[in-house]
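The values are calculated or read from the model by the stated rules, or taken from the named source; none is laboratory data. Note that the structure is predicted; figures quoted are calculated from it, not measured. Reconstructed Cβ throughout: ideal geometry from the backbone, glycine too, with neighbour counts over all protein chains shown. Quick note on the areas: whole protein, heavy atoms, side chains included, nothing else; ligands and nucleic acids left out. Shrake-Rupley method; radii C 1.70, N 1.55, O 1.52, S 1.80 Å.
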Amino acid sequence: MQNLQENDFSEQRKRMVHEQLMARDIYSEDVIKAFLSVKRELFVPESSREHAYGDFPLAIGFGQTISQPYIVALMTQAADIFKEARILEIGSGSGYQAAILAYMCAEVYSVERIEGLKELAEQNCSKAGFFAVRFKCGDGTLGWPEYAPYDIIIVTAASPHIPVELVNQLKDNGRMVIPVGGLAVQDLLLVRKKDNKTIKEKLCGCRFVPLIGEDAWED
Ligand code: SAM
C-alpha cells in the first residue's frame, strides 16, 4: 500500500516537473534534478497530501503557505545556485525551498519568524533526509549575521523594500531573489550586489504573504 502511494507520488512529481516547470521556462538541469528528487508530499499537511503536486500554493498552518512549485523553481533558477554556495533563506515555512537548496549546495541557513513553523520546517527537512540545514526562529529582515556574508539570499515573503541588513550580509557579486511591492501584488526581483551597489532586474509579477519585521511590514 505504502509502495503504491510512493509510486503514485513519484509519477505526480515527474508530471509536475514536465508540465509545470519545463513546459514553462525552467531549463536548469540542476534545478530540474532537485525537483525530481525532493519529495514535496513530505512538506504539506497530511490533509492536503493528494494536492502536493498541484500548480498552486497550499496552506501549511499559522496563516502561511508553501509556494507553488513553479515559483520555488523560478526563484531557485534565478539565484543560480552553485555547490559551494553559502545560502540564506528568509521564511522557512514548510522547509521545502530549504530542502531544494540543500539538495543543490553545501550550506543552507534559514530564518523563520514563527516558532511553530521553524519546528515544522526542521522536522520536514529531517523526514526528507536533509539534516544539514540550520534553522533559526527570528526576524529575517535582520538576516543571520553570525554566518554572513552569503553568496545568495532568497526571501520567500513580500517586502515593501529590500531590507538593508540583507544587502549588508550579501557578498560582493552576490545575488538576492526577493518579492518587493505592496501587500496585494509584488515584483519578483533578482538583485545583484556589485561594489556595494545593487542592480535590480524584474523577473515577473507575483503574490506572496507579507514579510513582517523591523525592516519590512509591521505586524
Ligand atoms: N519557503 C517556504 C516553503 O518552502 O514552504 C514558504 C514560505 S511562506 C510563502 C513565507 C514565510 O515567511 C512564512 O512562513 C512566514 O512566517 C515567514 N516570514 C514572514 N516574515 C518573516 C520574517 N521577518 N522573518 C522570517 N520569516 C518571515
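Order ARG40, ARG15, ARG207, most accessible first, counting only protein heavy atoms with a 1.4 angstrom probe.
Ranked list, largest accessible area first: ARG207, ARG15, ARG40.
Name all residues of the range 100-136 having a backbone nitrogen under 16 Å from the label point set 7 Å from the Cα of ASP219 along its Cα→Cβ direction, giving them as ranges.
The answer is 112-118.
Which residue, LEU88, LEU203, LEU117, has the most motion in a Gaussian network model of the chain that connects Cα atoms within less than 10 Å?
LEU203
For the range 173-219, with only Lys/Arg (+1) and Asp/Glu (-1) charged at the beta-carbon, what is the dipole magnitude about the Cα centre, in debye rounded to 20? Could you put the intermediate results ahead of the total?
Working: 8 positive and 7 negative charges, 92 e Å.
So the dipole magnitude of the range 173-219 works out to roughly 440 debye.
Each label point is 7 Å from the Cα along the Cα-to-Cβ direction; what then is the distance between the points at GLN123 and LYS33, in nm?
For GLN123 paired with LYS33, the spin-label model returns 3.2 nm.
Taking the chain as a Gaussian network, Cα atoms linked when under 10 Å apart, which of ILE90, ILE154, ILE81 shows the biggest mean-square fluctuation?
Top of the fluctuation ranking is ILE81.
Given H placed on each backbone N at 1.01 Å, which residues far from LEU189 in sequence or on other chains put an amide H within less than 5 Å of it?
Hits under the 5 Å cutoff: ILE178, VAL180, LEU203.
Eight or more residues apart or on different chains, and alpha-carbon atoms under 19 Å: count the Lys pairs in the range 2-206 matching that.
Lysine pairs meeting the criterion: 15.
Report, in degrees rounded to the nearest 10, the 0 to 90 angle that the Cα long axis of helix 69-79 makes with the longest principal axis of the chain.
40
Carbon-plus-sulfur fraction of the accessible area of the chain, 1.4 Å probe, in percent?
On the way: 5240 of 10440 Å².
Answer for the chain is 50 percent, counting heavy atoms of protein chains only.
So in the chain, what percent of DSSP beta bridges are antiparallel if you round to the nearest 5? Mind showing how you got there, number by number?
Working: 19 of 39 bridges.
Counting DSSP beta bridges with both partners in the chain, the antiparallel share is about 50 percent.
For LEU58, which sequence-distant residues (separation of 5 or more, or a different chain) have an amide H within less than 5 Å of its own amide H, given hydrogens modelled in the peptide plane?
Under 5 Å from the amide H of LEU58: ILE66.
Could you put SER94, SER37 in order of accessible surface area, largest first, with the 1.4 Å probe and the full protein assembly present?
Order by accessible area, largest first: SER37, SER94.
What's the extension gain from SER48 to LYS194 if we count 0.36 nm per residue and subtract their Cα-Cα distance?
Contour length minus the Cα-Cα distance gives 48.3 nm.
Give the angle, between 0 and 90 degrees and rounded to the nearest 10, that separates the Cα long axis of helix 115-127 from the longest principal axis of the Cα atoms of the chain.
The two axes meet at around 50 degrees.
Each residue of the range 38-53 in turn: what ³J(HN,Hα) in whole Hz from Karplus with 6.51, -1.76, 1.60 and θ = phi - 60°, glycine and Pro shown as x?
Taking θ as phi minus 60°, the curve returns 7, 7, 4, 4, 7, 10, 10, x, 3, 5, 10, 4, 5, 9, 3, 9 Hz for the range 38-53.
Using each residue's phi in the range 102-108, evaluate 6.51 cos²θ - 1.76 cosθ + 1.60 at θ = phi - 60° and report the 3J(HN,Hα) Karplus result to the nearest Hz, with x for Gly and Pro.
Listing the rounded values in order: 5, 5, 9, 8, 7, 10, 10 Hz.
Could you give the distance between the Cα centres of the range 174-199 and the range 43-68, to the whole Å?
If we compute the Cα centre of each part, the gap is 26 Å.
What does the accessible area per residue of the chain come to in Å², with a 1.4 Å probe and no ligands, DNA or RNA counted?
48
Under a plain spin-label model, where a point goes 7 Å from the Cα along Cα-to-Cβ, how far apart in nm are HIS18 and ARG134?
4.1
What nm value, rounded to one decimal, do you get for the distance between SER10 and GLU146 when each label is placed 7 Å out toward the C-beta?
The answer from the label model is 3.9 nm.
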